[in-house]
Amino acid sequence: LDHYQIDLTGKNAVIVGRSNIVGKPLAALMLERNASVSILHSRSRNLADLTKQADILVCAVGKAKMIKADMVKEGAVVIDVGINRVDGHLV
């Protein structure tokens, strides 16, 4: 985000993934940069409605293709942290 000069101040950041490796530390870092942060997970209710509100959407859950295009707000910054195998290929 620094590289692209994206200021987090006042932005609504949604992190899908609550791991101690990515989700929780990233939430803390974004809070330090004055973003409003929500942590969601694969069992969150109304996941699509909540992700559509994100100015910055981070997907850090171990499931390929969990976030679909219709779950993302126009103009949102999307960061995919996951690495998965689909049909024998890394995606």
*With no solvent and one point per C-alpha, what does the Debye sum give as log10 I(q)/I(0) for the chain at q = 0.15, 0.21 Å⁻¹?*
-0.54, -1.04
_Using θ = phi - 60° and Karplus 6.51 cos²θ - 1.76 cosθ + 1.60, couplings along region 74-91 (whole Hz; Gly, Pro as x)_ = 4, x, 6, 8, 10, 10, 9, 8, x, 10, 9, 9, 10, 6, x, 10, 6, 10
*So what is the 222 nm mean residue ellipticity for the chain from helices alone, if each DSSP H run of at least 4 adds -39500 (n - 2.57) and you divide by all residues, rounding to the nearest 500 deg cm²/dmol?*
-4500 deg cm²/dmol
_Net charge of neighbours whose Cβ lies under 12 Å from the Cβ of residue 77, counting Lys and Arg as +1 and Asp and Glu as -1_ = -2
*asked:* Using the Karplus curve 6.51 cos²θ - 1.76 cosθ + 1.60 with θ = phi - 60°, what ³J(HN,Hα) values do you get for each residue of region 35-51, in whole Hz, with x for Gly and Pro?
replied: 8, 8, 10, 10, 10, 10, 8, 4, 10, 5, 6, 6, 3, 4, 5, 6, 5
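Run the numbers on the chain and let me know its relative contact order in percent, using alpha-carbon pairs under 8 Å that are six or more apart.
27
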*Find how much the distance from residue 80 to residue 24 grows on full extension, using 0.36 nm per residue of separation minus their present alpha carbon separation; answer in nm with one decimal.*
18.6 nm
*Karplus-derived 3J(HN,Hα), 6.51/-1.76/1.60, for each residue of region 7-23, Hz, glycine and proline x*: 7, 8, 3, x, 7, 8, 9, 10, 10, 9, x, 10, 5, 6, 8, 10, x
*Between residue 53 and residue 89, how many nm apart are label points set 7 Å from Cα along the C-beta direction?*
3.6
*If we count every other residue with Cβ under 13 angstrom of residue 38's Cβ, Lys/Arg +1 and Asp/Glu -1, where does the sum land?*
+3
*Express as a percent, rounded to the nearest 5, the fraction of DSSP beta bridges in region 12-90 (both residues included) that run antiparallel.*
15
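Bear in mind that the values in this text are calculations on the coordinates, not laboratory data. Bear in mind that the values here come from a model prediction, so they are computed numbers and not experimental data. FYI the Cβ positions are ideal-geometry reconstructions off the backbone, even for glycines, and counts take in every protein chain you see.
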